[in-house]
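A short reminder: the numbers here are calculations on the coordinates, not readings from a lab. Keep in mind it's a predicted model, so treat the numbers as computed, not measured. Cβ sites come from the backbone with ideal geometry, for glycine too, and all protein chains shown count toward neighbours.
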Amino acid sequence: MKKELIINSTQGLHAALAAKIVQTASRYNADVKLLYDDKVIDAKSILSLISLAIPSGESVTLVVEGKDAEIIIKDIEKLLG
């Protein structure tokens, strides 16, 4: 499943938010990727997430493959909302 999301945090994708995304993605047995600016990273890697330096208001694409894909997307969407 794919879902386009907006980074709504005024600080962009900061360390605390990245940690929450990693914790959420890691709870499930699924492949969770984040696409931004022609880069594809593993959303279970905090260093990869932080290295993207995504500013507030930017659009990212979340790609999840696995049986809990819909739940994972909803959970991460709540974090970014």
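Between Ala15 and Leu79, what length in nm is gained on full extension when 0.36 nm per residue of separation is reduced by their alpha carbon distance?
21.7 nm
Taking 0.36 nm per residue of separation and subtracting the current Cα-Cα distance, fully stretching the chain between Ile6 and Asp38 would add 9.9 nm. The distance linking segment 52-79 with segment 1-47 is 6 Å (Cα centroid to Cα centroid, whole angstrom). Using the average count of surrounding beta-carbon atoms within 10 Å as a protection proxy, the listed peptides 48-60, 22-34, 4-16 rank, highest first, as 22-34, 48-60, 4-16.
Put one equal scatterer on each alpha carbon of the chain, apply the Debye formula with no solvent term, and list log10 I(q)/I(0) at q = 0.15 1/Å to two decimals. Here the Debye-derived log intensity ratios amount to -0.42.
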